[in-house]
Amino acid sequence: MRRLGHRVQLGVFLAAVCVPCIALVALGLRIVAQDRELAEKRRADERRREVLRVHDALLARLEPIRRSEIQRDLEPAERYRHPEVVFVARVQNGVMVLPWEADRAARRCRALVSRPYFEGRIRKCEQSNFGAEGGAVAARCYERALGAARNPVQAAYARWLWAQALDRAGENKRAAELFRTLLDAPPEITDEDGVPLALYAARRLAPSAADQTRVIERAKTVCLSRPWLPPIAWLPLTEMAATLDRTAKAFADDLRKQAESQARMFGQAERLRDDFARLGLLGEDGRPEPVWAPYGDEGWLVGAAEGAVIVVRGPELLRSLNMEPTVRLVDYREPQGESLGAAFPGLKAVLAQAAAPAEDGNGLQRRLYYTMLFLIVAVTTFAGYLLWRDLQREMRVAELRAQFVASISHELKTPLTAIRMFAETLQLRRAKDPEMEEEYLDTIVNECERLSRLVDGVLLFSKAEQGKKIYHFRPVQPAAAVREAVRALRYQLSQQGFELQMEIDDGLPVITADRDALVQATLNLLTNAMKYSGDSRVIELRVGRENASVAIRVTDHGVGIAAEDQARIFEKFYRVPTRENQAIPGAGLGLALVAQIARAHGGKADVFSAPGQGSTFIIRIPVEPARET
Ligand code: ADP
């Protein structure tokens, strides 16, 4: 029945505390997960919005570039309008033609130089150049050709050839003068490969310290005058850089770097030309698609227009849109990044980590949730522990109570059986003589007294437990009270063959005490001494003064008590749990009552004992106590 009660309690605990707690924890975890999902979604939305913004900004910038750069043909000495443009190439029959392969300036110069009246003279000079007279004759011939030149291109061309012939003839001074004039030739005057003649002059004059400043200045002007120079033009430029002296080191280094980067650009442009058809910039009908495709390692964006292809530098574009470094453009090969949509096939934008403060807020909220969950679990666990401890205690008390009932019934039964037996014998008049009759009657009276002592003890204890006022303090002679207890036990002591050795100081002061309680306490100690004496038959009882107290000592030479049990024997219902001890009848209340009585008189009960060597119990009661009632 009781076990069922505990189960119900456990069930109530589970239902009232554990189930809501589990539900709360599950709910909390769900909220945290949802929160995280939501934050992730928010971030994804933010990223999408940002990508859309990048997409729009790129298109808004690229479309005007496409329109304005493609609609016109680049004049020889002109730069593109937008600095992000790498080059614009024509598309003929679906094939891309690189701009330096169809250089307008070179074509025009070639046309002017190959006019028959001029070209014929030049051919003649070339022939004399290889003849016996060599350079000097050729020089004179070219000088004449210069005289026949009808435009600046022809003049510059003839001057260039004349200067070279003078150099070969050893007339370096005159040659240098001619080269100086040539240095000022406009950049659009080129040889048949599109190399500005001014660059040849610059290469020739570079070693001369007197000309160096002017040479550098002109080289810079020529380089800056066009968005690109044909690849071959970088040859005289790098040769020139090698002959410049130390004062022009910065310029020479810069030139070399530029030559390298241009070489990379030319290589990539050639690869683009080969891959052009595969980029999908032209539709099936050959018309340009409105898209921009990423190309190569330099971050190029390539777009097509009517009959042309335009190449733009991606990083520079971002810079001009003020998007660096938060946005990075990568192509499909990169694992990270968000696709920029159909207008930019294969192009992705990588956004720098944004919205860090929002992330911080979420982190804080999550920590708060976890702390709350931890607190809930901790409080529930603690409550569970308290309940479990309570249950344990209750179960122990229930067990002790059951034990007490069993022991007390046993203790009551023994005197009752004796009383009944002797009373029946008397009733049937079976006693042999009046002496025996007397003895039977004595036994009955003694057993009755034992019975009432037992009941008194239990009642006293029960009242004390309930906190009722049970003690009646009056002046008491301690020796007299102790002697009364001895008297009550004399019959039992002699029956069991005990020798009681007494040392009672009759000169003790009168103390204020409850006499019956004092008798009861002494009786309990003496009864215990009898019960736990084992084979020993000697009990000592000493009553005397100890400083400001009266001490009642009961010593036996019996089983004794282990140290660990000594601390607990004064607890109610506690009995030493050895088998021998359990065989001796008892309810575990005697010493609890002794301790209670001693305390009520402002004193104390103590024990000194060792297993197998007997025990001494002492009750100390102050002569002038401040006592509780
Ligand atoms: P009870 O004797 O009825 O069991 P008590 O409260 O009087 O209850 O004693 C508690 C326990 O203390 C006893 O069960 C016994 O084990 C131990 N005890 C008490 N007195 C003695 C003694 N004189 N010698 C040895 N053990 C004792």
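What to note about this one:
- With all protein chains modelled, accessible area of S128 [1.4 Å, Å²]: 30 Å²
- E217/L364 FRET efficiency (R0 60 Å; Cβ-Cβ; nearest 0.05): 0.40
- Annotation: R226 carries an accessible surface of approximately 10 Å², with a 1.4 Å probe and no ligand, DNA or RNA atoms counted.
- 5 angstrom amide H check on W300, placed H, neighbours 5+ away: Y295, G314
- Spacing of the two label points (7 Å from each Cα toward its C-beta) at L38 and Y491, in nm: 8.7 nm
- With a 1.4 Å probe rolled over the protein heavy atoms of all chains, the accessible area of T247, T414, T190 falls in the order T247, T414, T190, largest first.
- Computed from Cα positions, the angle between helix 212-225 and the longest principal axis of the chain comes to roughly 80 degrees.
- Kirkwood analysis of segment 100-274, using all unique Cα-Cα pairs, places the hydrodynamic radius at 16.9 Å.
- The order of D45, D191, D297, D167 by accessible area, most exposed first and with a 1.4 Å probe, is D297, D45, D167, D191.
- Once you reduce segment 127-203 and segment 513-555 to the center of their Cα atoms, the two points are 145 Å from each other.
- Summary value for segment 470-629: 23 percent relative contact order, contacts being C-alpha pairs under 8 angstrom separated by 6+ residues.
- Cα long-axis angle, helix 234-243 against the chain (0 to 90 degrees, to the nearest 10): 80 degrees
- Accessible-area order (highest first, 1.4 angstrom probe) of the listed residues K463, K432: K432, K463
- FRET efficiency estimate (nearest 0.05) - Cβ-Cβ, L14 to D456, R0 41 angstrom: 0.30
- Computed label-point distance, nm, for sites S339 and L27 using a 7 Å Cα→Cβ extension: 4.2 nm
- Solvent-accessible surface (1.4 angstrom probe) belonging to E37, in square angstrom, nearest 10: 120 Å²
- Relative contact order of the chain, pairs being alpha-carbon contacts under 8 Å that are 6 or more residues apart, as %: 10 percent
- Potential extension, Q501-T238 segment - 0.36 nm per residue separation minus Cα distance: 81.5 nm
- Solvent-accessible area of the chain (1.4 angstrom probe, protein heavy atoms only): carbon and sulfur portion equals 54 percent.
- Here each label is just a point 7 Å from Cα along the line to Cβ, and for R537 and D285 those points are 13.6 nm apart.
- For segment 185-255, the per residue solvent-accessible surface stands at 41 Å², with DNA, RNA and ligands left out and a 1.4 Å probe.
- Segment E564-D45, length gained on full extension (0.36 nm per residue, minus Cα span): 179.7 nm
- Pairwise Cα distances in segment 250-365 exceed 18 Å for 62 percent of all pairs.
- Linear extension gain, R278 paired with E546, 0.36 nm per residue minus alpha-carbon span: 84.7 nm
The values are calculated or read from the model by the stated rules, or taken from the named source; none is laboratory data. As the structure is a prediction and not an experimental result, all values here were calculated from the model. Every residue, glycine as well, gets a Cβ built from its backbone with ideal geometry; the counts of neighbours run over all protein chains shown. Areas reflect the complete protein model, heavy atoms only, side chains present, ligands, DNA and RNA absent. Shrake-Rupley method; radii C 1.70, N 1.55, O 1.52, S 1.80 Å.
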